[in-house]
Protein chains: 2
Amino acid sequence: MSASMPRPGLGLQHFFQAQGIAVIGASDDVTKIGGRPVHMLIKYGYAGPIYPVNPKAGTIQGLTAYPSVRDTPTAPQLAILAVPAAATPAALRDCAARGVKAAIVLSSGFVEAGPEGAALQAELVQIAHASGMRVLGPNCLGAVNVADRLIGSFSIALEENMPPAGQVGIVSQSGNVGSHTMQSVARRGMGVSRFIATGNEADVDVADGIAALAEDPATRIILCCMETCRHAGKLIAALRMAREQGKPVIVLKIGSTEKGQAAAASHTGALTGSDAVIDAVFRRHGVLRVRSVEALIDIGHAASLLMPNRLPRTDAVTLVAASGGFGIMMADAMSEAGLTLPALAAHTQQRIREAVPTASTGNPVDASAQMSSRPDILHKMLTALLDDPAEGALILFMSLSLYSTRLRGIYLQALAQVRASHPDRLLMIISQGPADAVEQITALGIPVFASIDAAATGVAGLLRLNQRLGAAIPRDAESAAQGIDAAVFRNEFEAKRALARAGIDVPHEVIVHDAAAAVSAAEAIGYPVVLKIASEDIAHKTEAGGVALNLADAPSVRSAYARVLDNAARYAPDARIDGVLVAPMLRGGTEMIAGVSQDPVFGPVVMVGMGGIYAEVLKDVAVQTAPVSEQEALAMIRSLKMFAILDGARGQPKADIEAAARTVARLSEFAYQHRDDIAEIDMNPILLRAQGQGAVVLDALMIPRAAAVL
Amino acid sequence: MSASMPRPGLGLQHFFQAQGIAVIGASDDVTKIGGRPVHMLIKYGYAGPIYPVNPKAGTIQGLTAYPSVRDTPTAPQLAILAVPAAATPAALRDCAARGVKAAIVLSSGFVEAGPEGAALQAELVQIAHASGMRVLGPNCLGAVNVADRLIGSFSIALEENMPPAGQVGIVSQSGNVGSHTMQSVARRGMGVSRFIATGNEADVDVADGIAALAEDPATRIILCCMETCRHAGKLIAALRMAREQGKPVIVLKIGSTEKGQAAAASHTGALTGSDAVIDAVFRRHGVLRVRSVEALIDIGHAASLLMPNRLPRTDAVTLVAASGGFGIMMADAMSEAGLTLPALAAHTQQRIREAVPTASTGNPVDASAQMSSRPDILHKMLTALLDDPAEGALILFMSLSLYSTRLRGIYLQALAQVRASHPDRLLMIISQGPADAVEQITALGIPVFASIDAAATGVAGLLRLNQRLGAAIPRDAESAAQGIDAAVFRNEFEAKRALARAGIDVPHEVIVHDAAAAVSAAEAIGYPVVLKIASEDIAHKTEAGGVALNLADAPSVRSAYARVLDNAARYAPDARIDGVLVAPMLRGGTEMIAGVSQDPVFGPVVMVGMGGIYAEVLKDVAVQTAPVSEQEALAMIRSLKMFAILDGARGQPKADIEAAARTVARLSEFAYQHRDDIAEIDMNPILLRAQGQGAVVLDALMIPRAAAVL
């Protein structure tokens, strides 16, 4: 977090706890965006003064209206603006002059509408910055404090009723997605603390929203829908605030495929950052990323039931169904989600068979329809399962049983009993059924998933969430940028020398300017050697005929020296030649690649992957923002699809992945230090040897920032 | 289909249209499995005579009971057996003696219960075969004909009510999964024709069920849940019957991961075949395979609404939402499912903007909340979209609008209008809402999916289903097996000679027995050459030091000849040496692999994949049962993850994939002809050259069936 960055969430309390609200552009028509907030503030009973503002003044929805915010009896702390885009800057200036602390601009017609709108939006930004007033929107669905009935929104989700007050905070860039989330959360019987939709994010953004919810005592869990991150440091600072408060943040990041990102760009007028980079940032900063609004709600709901002490602690699950077929489907889905199915203790198996003689007591347990024939049988079986010494989650498949009045009674009785007798054990249900029956189960603190796939995604997500909540909060990289000698951009020799100074292994190499020196160098290095042309004008040395491999003696070196120079001269007659590089011919081991590029939002990003065309075609790489620790680099390497090859697959020796991790970590540190000068670094290939034998960067290329801009 | 195999489904009509039903082991207790069928036959009004059979005779549930099936007033066509396993064979013999046509054994305690039960099940098989009576089960949930109220089942799904009669036929190995499907289908308002659950499959299996539904005039669509296929030819014949009737078959194959397959084995006591092979069989024989019971029901429901002429014909979709955020999520999910998002015609875009001025008219269309503000606006926008010249599906995201009384009215009115004005256009909805509102929309013939992911899976599945319904029905491979000279198993030289006779390109090679002959051969072939030891006792030639590469002249060949033999003698002193192979040293191109193995159910299976360790670790292979046509082989090659490498990725020349396909097709034909003798064939590597340059098998190995058994 840079020193000049204001604290995320600063001043956002005024959106939620305002004394006095002006609605500018207020209307008598409750279906209009200037009518709806007035209507809902009255209908749901906001306790402070409500000031409709309209040039015609008079009375609006039974309240005295004022021609301007300058004319209200007291200064409102919050203003809701529902005037046309062109009239918004003037209205906002009035608010600033009146001492309004926070303003919500609901109107559209700004950056999303073209250049004129963009100019209007720039005016809003200027007014906000000049006055210190926080501005939410424009083109947004506003903010809601459920407990205090403070509704700065025209969301249709609130038209018929308010959600119950509770502990789930929702922050969404998209108003509709946020609104859908709020309504779905409420339909599950969960309470909402605050809702904030940031729209075009002229001033307040999703990071501010996360920070405000992190600081809000009513909020215990933060659900977030995000399209674009514009300020990396601010987002990371907000996520740190949430972690320091122990509040889980679950994010639905919208626009992950190219097609989706194209749609995102047209929607918000902002670049959607690289999906892999944001994924890495989320992972590092404790966020659970989900892939659908259903998973956001499912996992949010389950987490709210299970916090603080029943979130899954291991990847072990015990599966129980009245049917072998569903047991197999559960086993398939859970294994695919990365969960494991340990065997039950012998004693547990025996107790299950005592309760349900027809049960098959593997994992999944096929408990047959007998398990639900009587409440005492079900209770006995569930008790045996919850007494099992394993730490894992127990997942019970109930199919459509809740639709049967008889079975509903049996299940509810047994579940209530075991929930009371085993308050600390993690039990989850897969079931469809009438909404009231499902709510009776969740009221016991038992999460219910509607399908096997939802449960697998949910349990795996809850486990990751818990792991991330428990992980150490990473330190910010704070060191100042350092300059670098421009020589590193000249050729591979200089680039590798710089990497060597950063502690990265490179071959012992010499740059020479005549054939005799080449032979002496080769003899000092030891045969066989490689010769390579060194020129800042020849990036593709092999294509230029500028490389001679596997030279075994002095005559070969001598003739290769001449050939390499000749080829280079033919390939690029005007190229500046820095000399010829003499290097040992290294073989054996596995080829990897690593590199650094610049993310427009998150800065230097380090990448590591397997070498070769197969790996390249499959894009088998892992990324993280620089700098990364050796431990993080190791996790990146382990996450590669082809990691098995480094880990001794098919009779290969295990590779020195610790050395590879060290190389990646040092590369990332180097790139971070020189982030103002270096745009890109390529290390290709890195020769990774057998365990304990190290990793050597055989070729490297650095591109300066100025060049990258061209 | 072999001549000796009975027609699948033969005699199954008696399970559905029986005149007279005996329930053996009938009980007065309607919760017992012997009580429930009697209760339901009476309750739902089966029209024929019902004969409870119980040694105590007297009256059961108000009906006269009989001590044995031999004592009933008329001979029942169907018997339902609910007696203990040990008593079942005797009861079944009585049925056969009485002339019963079909028997359902509901009881468990057979092969799933251990060796004793397996012996009892073998008795049932014997009785069925000897009498010609068809036996369903044991350990099954039976059969139901919904229209005729014929309930040969104790399914809890039928406890409270029957599904409506309709066109969906359900065949399931697992009773619970089938029952869940039937109940879910009914909850969606779809009608069911017949239900059959095959359980342990002593006699009647899933293939019989598919065939019976294919022949049933009431059934228009077949939903199937399958764990194990025991008879390949029978399944394929049944699938052909369904295709000839133009009835789609949608299959949920249970047990796709190793963990799931392990659970499947314990559940059914039968081997679950390789998942990739069954996948290939389904693809070839027109089946749409789904991955969850929700997809089975969603796609089954949508297909029943859209058949016969509104199933998707192209991969194009037009997406519409009131929200940019949901538009992006739809775009993401649809692209990931392989669908495309073409631009709308300029005229269509203009008409949309006329209806909804705030709309952004890309694809996805971000139509803003304005689109649903009035029924006429929504109608105008939808009409513009459905008038668009594109052939694709229109998918409208409605979020939670149906929960709002006001919006529900607006949507229903507009949807009813456009459905009437555009009866042939494909329109689908993504929405949650009250069940009755969703049913109002589906009653218009418009499928409704509950989530974006379900819609993406659904639309992609419906497209594949339609493509498969339209594809030509493949001919059965019918040719008799041919013998082969055992020499092919001796060494690579003989194996390749046999492949060459089958029309597959191999290098010009010579087998020699002294160094002078090696030199002459090398000179005839042209330098550089390769020497390889030829011995049936040395499978791993490189490991044995039995290969010398890149020999450029006569002295090199001479010394290599001696070295190769020496190494082989040291590696395997007792090995029988057939000679030394002299072959040209071929380079360039891309390495592929192909091979044949035996599936225990489906026989010879041909595999093709990329060469090299990366491809091997990623298991990047495609399989299909032999024989495959060149066209099928080409599709297999195109389906490889790394196909891009063959198709000119990263500046590589395009590879001769037609030659590769020819090689695979000929290999498969060869393997099919010699299926009784050859267990496995390995062609590794195949050198695939640039387009038009061919494919050459550099090494090959064949393993005889006898050896494979060891």
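Couple of notes before you dig in:
- Subset tally (residues that are touching an Asp or Glu at 6+ places or on another chain (Cβ under 8 Å) and surrounded by fewer than 20 Cβ atoms within 10 Å (Cβ to Cβ)) for the range B:452-482: 2
- The sole residue among A:218, A:212, A:237 that is more than 14 Å from every other protein chain (Cβ to nearest Cβ) and under 17 Å from the mean Cα position of the chain (by Cα) is A:237.
- From B:633, B:626, B:622, residue being closer than 16 Å to residue B:670 by Cα, of a type in the set (Gly, Ala, Ser) and either touching a Gly at 6+ places or on another chain (Cβ under 9 Å) or at pLDDT below 90 (or both): B:626
- Complete set of residues in the range B:298-319 that are surrounded by fewer than 24 Cβ atoms within 10 Å (Cβ to Cβ), of a type in the set (A, V, I, L, M) and under 23 Å from residue B:411 (Cβ atoms): B:305, B:306
- For the range A:326-344, a residue qualifies if it is at the interface with chain B (Cβ under 7 Å from one of its Cβ atoms) and either among the basic types (Lys, Arg) or touching a Phe, Trp or Tyr at 6+ places or on another chain (Cβ under 9 Å) (or both), and the qualifying residues are A:326, A:327, A:329.
- All of (1) of a type outside the set (A, V, I, L, M); (2) under 26 Å from residue B:234 (Cα atoms); (3) part of a strand (DSSP E or B); (4) out of contact with any Leu (no Cβ under 9 Å at 6 or more places or on another chain) hold for residue B:112 with one exception: (3).
- When we screen A:548, A:534, A:521, A:498 for residues that are in contact (Cβ under 8 Å) with a residue 40 or more places away in the chain, more than 14 Å from residue A:577 (Cβ to Cβ) and under 50 Å from the mean Cα position of the chain (by Cα), the only hit is A:498.
- Residue-level check: of (1) surrounded by fewer than 23 Cβ atoms within 10 Å (Cβ to Cβ); (2) more than 14 Å from chain A (Cβ to nearest Cβ); (3) over 26 Å from the mean Cα position of the chain (by Cα); (4) under 23 Å from residue B:495 (Cβ atoms), residue B:597 misses just (3).
- Condition check for residue A:362: outside any strand (DSSP E or B), in contact with a Pro (Cβ under 9 Å, 6 or more places away or on another chain) and within 14 Å of chain B (Cβ to nearest Cβ): no
- Any hit, the range B:113-126, residues being within 14 Å of another protein chain (Cβ to nearest Cβ), more than 23 Å from residue B:297 (Cβ to Cβ), hydrophobic (A, V, I, L, M, F, W, C) and touching a residue at least 24 places away in the same chain (Cβ under 8 Å): yes
- Top-ranked residue of the range A:641-684 - restricted to ones that are among the acidic types (Asp, Glu) and within 16 Å of residue A:702 (Cα to Cα), ranked as nearest to the other protein chains (Cβ to nearest Cβ): A:682
- Apart from one condition, residue A:229 fits all of (1) buried (at least 23 other Cβ atoms within 10 Å of the Cβ); (2) in a loop (DSSP other than H, G, I, E, B); (3) over 14 Å from the mean Cα position of the chain (by Cα); the exception is (3).
- Conditions (1) in a strand (DSSP E or B); (2) within 14 Å of another protein chain (Cβ to nearest Cβ); number of the one not met by residue B:428: (2)
- Single residue of the range A:130-161 satisfying the filter (outside any loop (DSSP other than H, G, I, E, B) and polar (S, T, N, Q)) that is nearest to residue A:20 (Cα to Cα): A:145
- Within the range B:619-640, not a single residue is within 14 Å of chain A (Cβ to nearest Cβ), farther than 16 Å from residue B:695 by Cα, part of a helix (DSSP H, G or I) and over 19 Å from the mean Cα position of the chain (by Cα).
- Qualifying residue in the range A:367-388 (condition: more than 12 Å from chain B (Cβ to nearest Cβ), part of a loop (DSSP other than H, G, I, E, B) and in contact with a helix residue (DSSP H, G or I) (Cβ under 6 Å, 6 or more places away or on another chain)): yes
- Members of the range B:338-359 that are within 25 Å of residue A:107 (Cα to Cα) and at pLDDT 90 or above: B:349, B:350, B:351, B:352, B:353, B:354, B:355, B:356, B:357, B:359
- Sole residue being surrounded by fewer than 24 Cβ atoms within 10 Å (Cβ to Cβ), at positive phi and of a type outside the set (Ser, Thr, Tyr), chosen from B:149, B:188, B:220: B:149
- Top-ranked residue of the range A:164-194 - restricted to ones that are part of a loop (DSSP other than H, G, I, E, B) and under 23 Å from residue A:208 (Cα atoms), ranked as farthest from the other protein chains (Cβ to nearest Cβ): A:191
- Count of residues meeting criterion [in contact with a strand residue (DSSP E or B) (Cβ under 7 Å, 6 or more places away or on another chain), surrounded by fewer than 17 Cβ atoms within 10 Å (Cβ to Cβ) and modelled with pLDDT under 90] in the range A:562-594: 0
Each row is one residue, and each column tells you yes or no for (1) at pLDDT 95 or above; (2) buried (at least 22 other Cβ atoms within 10 Å of the Cβ); (3) in contact with a helix residue (DSSP H, G or I) (Cβ under 7 Å, 6 or more places away or on another chain).
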| residue | (1), (2), (3) |
| --- | --- |
| B:403 | no, no, no |
| B:406 | no, no, no |
| B:409 | yes, no, no |
| B:412 | yes, no, yes |
| B:416 | yes, no, no |
| B:425 | yes, no, yes |
| B:430 | yes, yes, yes |
| B:440 | yes, no, yes |
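- Complete set of residues in the range A:293-313 that are of a type outside the set (Gly, Ala, Ser) and within 14 Å of chain B (Cβ to nearest Cβ): A:293, A:294, A:296, A:297, A:298
The values are calculated or read from the model by the stated rules, or taken from the named source; none is laboratory data. Owing to the predicted nature of the structure, the values given are computational and were not obtained by experimental measurement. Glycine gets a Cβ as well: all are built from the backbone with ideal geometry, and neighbour counts include every protein chain shown.
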